[in-house]
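Data first, discussion second: the structure below is written as structure tokens.
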Amino acid sequence: MTEDRHHVAGDMTISRRRALPHGAILMQGDLLAIKLPDVMSFVSMIRGAGRLIVQQDDLERSIEWRDGNIVFATSNSPEHSLGQFLLRNGKITQQQYDESDRRVTPQMRHGKVLVMMGVISPNDLWWGVKNQVLEIIYSLFAWDKGRFLFCQPLDHESLERITLSINTSAVIMEGIRRLDEIASIRERITSPEGVLAAVSGREASVAELELSDSELRLFQSVDGKRTIRELVGLSELTEFEVSRIFYQLLSARIIEYVHQEKSGSMFSDVEDSPELNRVVGAYNRMFEKLYGALEHAVGSTEARDVLNGVLQSSDTDELWTGVAFQPTGRFDERMLIANVSELPYEKRRAVLDEGLNTLLSIELFEVSQHLEAQTKVDVFRFISDQKAQLE
């Protein structure tokens, strides 16, 4: 196999080689040396076609291009799934999510299941896919380290899914704006359970803001009764866009809080910390492994009883407030991260490590009493390997 290479700015390498079965690597580099917007601009400039894979530890995002425009994106983070996106944006209920999630198969994707159930329309699906893709891309603008690969496309790629045509320059500009705005917005929009109302006597000031039709409809829906989460569900805008508008209206004193929740996180399209997500993901794999071994040893019913007994020990720990555990033994990563995000930045990792390790130790003690010797060895080895990767 022959290969020609030359270097461009930073640590980005452009390679030309014969196509491999998985698609040749055309370009690769380190985000410490060249930033994501520069990589995206280069792909757009050369009207590139292929897949940009960005990795940071266990996290991975993939962006697909055709003729310099973005046509799709994927993520291995659970919060970026289509079902979770629609749930977070109020388009489906928790009950509808749970029911549809049980029907998902390798041949039947979540969006199609929801349409077949009559929960969303084909137009809702299109809206969801487009904004889910954008959320995945915007999350990357918070990454200041990691590796990227730009791979040659395979003939069959993108044929099986909805494809879009998103202008790369517009995405870059919006991604940078969001990164600049998100900290300020989070100071005001602290939870989706907050309730807002119009400030009396300030109606005339609304005209000065020159709101768009969708922004004006959002303002008019503020009634002092519905939560921000409910208003997001009623709007055709995403939760970040709703948060941005409410932030502007709060700053202009056009609206005010009637009730403000302090816990929880409003949106996730720019992640609070990839490092925290890496830690949470590793521990979730440990909990899942541990519970799977227990379920195999004693059956589902007794395994759930043991798990529930363990979880009672965490009832007084604010880290676990509102965090649900799934039938697989995994916990709700997004809610746990939201709880940690309420802490000062410098304390988050330490509190997260301590809370996760404490609960894991309690569960490990309880579960190991039900396991055979070889299974214990396998579980302990898996947990040791996962922890070693976090060091």
Cross-chain or 6+ apart pairs with Cβ under 6 Å, the range 349-360 first and on the phi < 0 side of the Ramachandran plot, then open to solvent by 50 Å² or more (accessible area, probe 1.4 Å): Val351/Leu343
Residues being assigned to a helix (DSSP H, G or I), of a type in the set (A, V, I, L, M) and either touching a Lys or Arg at 6+ places or on another chain (Cβ under 8 Å) or at pLDDT below 85 (or both) - total across the range 255-285: 3
Residue satisfying all of: in the range 202-211; in a loop (DSSP other than H, G, I, E, B) and over 31 Å from the mean Cα position of the chain (by Cα); nearest to Ile337 (Cα to Cα) among these: Leu209
Residue match in the range 336-348 (condition: more than 12 Å from Met286 (Cβ to Cβ), assigned to a helix (DSSP H, G or I), among the acidic types (Asp, Glu) and without any contact (Cβ under 8 Å) to a residue 24 or more places away in the chain): yes
Test: residue in the range 294-309 that is in contact with a Phe, Trp or Tyr (Cβ under 9 Å, 6 or more places away or on another chain) and modelled with pLDDT under 80: no
Members of the range 175-201 that are open to solvent by less than 80 Å² (accessible area, probe 1.4 Å) and not in a helix (DSSP H, G or I): Ile189, Thr190, Ser191, Pro192, Glu193, Gly194, Val195, Leu196, Ala197, Ala198, Val199, Gly201
2 or more residues at pLDDT 90 or above, open to solvent by less than 10 Å² (accessible area, probe 1.4 Å) and within 30 Å of Leu390 (Cα to Cα): qualifying helices (runs of 4 or more DSSP H) within the range 32-145: 36-45, 82-88, 122-139
Flag for Val171 being modelled with pLDDT of 85 or more, surrounded by 21 or more Cβ atoms within 10 Å (Cβ to Cβ), closer than 30 Å to Gly48 by Cα and aliphatic (A, V, I, L, M): yes
The lone exception for Ala350 - which of (1) open to solvent by 20 Å² or more (accessible area, probe 1.4 Å); (2) at pLDDT 75 or above; (3) of a type outside the set (Val, Ile, Thr); (4) touching a helix residue (DSSP H, G or I) at 6+ places or on another chain (Cβ under 7 Å) it fails: (4)
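For the range 326-351, what are the residues that are under 18 Å from the mean Cα position of the chain (by Cα) and not charged (D, E, K, R)?
Filtering the range 326-351 down to residues under 18 Å from the mean Cα position of the chain (by Cα) leaves 326, 330-342.
Scanning the range 326-351 gives Gln326, Phe331, Met335, Leu336, Ile337, Ala338, Asn339, Val340, Ser341.
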Of residues in the range 354-391 being of a type in the set (Asp, Glu) and surrounded by 15 or more Cβ atoms within 10 Å (Cβ to Cβ), the one farthest from Trp320 (Cα to Cα): Glu366
Matching residues, the range 324-336, being open to solvent by less than 20 Å² (accessible area, probe 1.4 Å) and of a type in the set (A, V, I, L, M): Leu336
Scan of the range 217-254 for residues that are over 26 Å from Ile92 (Cβ atoms) and part of a helix (DSSP H, G or I), ordered by number: Gln248, Leu249, Leu250, Ser251
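The values are calculated or read from the model by the stated rules, or taken from the named source; none is laboratory data. None of these values were measured; they are calculated from a predicted model. Glycine gets a Cβ as well: all are built from the backbone with ideal geometry, and neighbour counts include every protein chain shown. Side chains are part of the model used for accessible areas, which takes the heavy atoms of the whole protein and leaves out ligands, DNA and RNA. Shrake-Rupley method; radii C 1.70, N 1.55, O 1.52, S 1.80 Å.
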